[in-house]
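The block underneath contains the structure these notes are about, expressed in structure tokens.
The values are calculated or read from the model by the stated rules, or taken from the named source; none is laboratory data. All of these numbers come straight from a predicted model, not from anything done at the bench. Every residue, glycine as well, gets a Cβ built from its backbone with ideal geometry; the counts of neighbours run over all protein chains shown.
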Amino acid sequence: MDELFIGRQAILDKKKGVFAYEILFRSGLKNAFDPRLDGNVATQSVMVNAMLDFGMKKLVSNKKAFINFTEKNLLDRAPKLLPADTIVVEILETVQARSEILNAVKELKEAGYKIALDDFVLMPGYEPLIQMADIIKVDFRITTDPEERRKLREILPAHVRLLAEKIETEDEFRQALAFGYVLFQGYFFCKPTVLSKRKLSSSMLSQMRLLKEINRPEFDFSSITDAISSDTNLVHKLLTYINSVGIGLTHNVSNLHQATVLLGFEGIRRWVTLVSLQTFSKDKPSELFTISLLRAKFCELISEDLNRPNVTPDTGFLLGMFSLIDALLNQPMEEILKEIALSPELNAALLGEENDLRRVLDLAVAYEQGDWDRVITLCGEENIPPRRLKQNYDAVLQWYNVIQSVE
């Protein structure tokens, strides 16, 4: 049990703000579960070790963590190992509503824990659990009939908040919203909705031009500096960025020339990308930019471990940052890349073509989504120890908690 993976997936509210995170675990280096291990003990050990190893604050900041608990975990009162104000006790669909379970859940409720029912399907005998539940998760891949999705809001008690799970499209999000669901989980906000081409503001167009300039092979440092200096907002952002604790400088920087010299070519390119994607994400869910940022740092660290000439850490960072730009701009990736003019290898990876960079992105996304079997497979192909990914992800979360204060 000394090896574990841990990931997280956002749970959004009606305004697409982050309400909480579901924590995703996997222990061990094998695809198959070892039958000699007690699954319930394993789950409990992973949960506790993960909280101690990663730290709840680092994992979810000031949000709550949804954590799955088995029947035995509940009977052992395992949730009480964690503070009631930090977690939501997610009861798996395999848990039977027998008297011992009901007593355990009642104790948790009285101790101040919030209760969620996972992958809910209405069945006889579940009424006592439903009454104690604060949140009920409805899997839209299981409950596929729109009428059935709608009726659940009419049938279930008014105090229960409905969470639509595995939402994959904007249409499904809007349908769930219309049916009375108030919480949402899935990757619908990571996919572009190309119903009509998004009109870019003057600020966005300016950022697109700047992105194009910094990605030209014949990079002109002075013209980039001039472009930044003409916008006081950009100057302020750059000085705030370079003086943040995440950069690691020992002395404050007070002027643009000094900042650009210290950052250098790759640093300026990275910063412009960061600021541009912030601009593009103004009317998008905040988690979309967060995922872009976390993925960028994760791809950077994975690229560093690969140590290949064509997969540099800086290229890895740009790969992660640009990987969701189609969702941010509601435009096809192919059209956007024509405007930005990235390297051929980076373009190919972002368009889904097989190359070394694409494998870095695939590994980062698999880990991010908790697809542990694919993580193990890709680690084997790239000769990366899975424990190294765990260390990298831990470093990514720590880095993000520092850098998120930068405007």
Can you name the residue in segment 272-308 that is over 19 Å from L350 (Cα atoms) and assigned to a loop (DSSP other than H, G, I, E, B) and, of all such residues, is modelled with the highest pLDDT?
-> P285
What is the one condition in (1) part of a helix (DSSP H, G or I); (2) touching a helix residue (DSSP H, G or I) at 6+ places or on another chain (Cβ under 9 Å); (3) at pLDDT 70 or above that V253 does not satisfy?
-> (1)
In segment 60-110, what residues are out of contact with any strand residue (DSSP E or B) (no Cβ under 9 Å at 6 or more places or on another chain) and farther than 17 Å from L129 by Cα?
-> N62, D76, K80, L81, P83
Identify all residues within segment 59-114 that are touching an Asp or Glu at 6+ places or on another chain (Cβ under 8 Å) and aromatic (F, W, Y); write none if there are none.
-> F66, F69
When only residues in segment 161-172 that are hydrophobic (A, V, I, L, M, F, W, C) and modelled with pLDDT of 95 or more count, which is surrounded by the fewest Cβ atoms within 10 Å (Cβ to Cβ)?
-> L162
Please indicate, with yes or no, whether at least one residue in segment 342-360 is over 22 Å from K284 (Cα atoms), in a helix (DSSP H, G or I) and touching a Ser or Thr at 6+ places or on another chain (Cβ under 6 Å).
-> yes
Identify all residues within segment 372-381 that are touching a helix residue (DSSP H, G or I) at 6+ places or on another chain (Cβ under 6 Å) and buried (at least 17 other Cβ atoms within 10 Å of the Cβ); write none if there are none.
-> V375, L378, C379
Within segment 309-336, restricting attention to residues that are under 10 Å from V360 (Cβ atoms) and assigned to a helix (DSSP H, G or I), which residue is modelled with the lowest pLDDT?
-> T315
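Residue-by-condition table, conditions (1) in contact with a Lys or Arg (Cβ under 8 Å, 6 or more places away or on another chain); (2) without any contact (Cβ under 8 Å) to a residue 40 or more places away in the chain:
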position: M321; (1), (2): yes, no
position: Q331; (1), (2): yes, no
position: E334; (1), (2): no, yes
position: S343; (1), (2): no, no
position: D356; (1), (2): yes, no
position: L378; (1), (2): yes, yes
position: P386; (1), (2): no, no
position: D394; (1), (2): yes, no
Note on segment 123-160: residues surrounded by 17 or more Cβ atoms within 10 Å (Cβ to Cβ) and closer than 18 Å to F188 by Cα are K137, V138, D139, F140, T143, R149
Tally time: how many residues in segment 138-177 are among the polar types (S, T, N, Q) and touching a Phe, Trp or Tyr at 6+ places or on another chain (Cβ under 6 Å)?
-> 1
Sort out which residues of segment 252-307 are under 19 Å from the mean Cα position of the chain (by Cα) and free of Cβ contacts under 8 Å to residues at least 24 places away in the same chain, and write them in order of number.
-> Q278, K282, D283, E300
Of everything in segment 186-200 that's in contact with a Phe, Trp or Tyr (Cβ under 9 Å, 6 or more places away or on another chain) and of a type outside the set (F, W, Y), which residue is modelled with the highest pLDDT?
-> G186
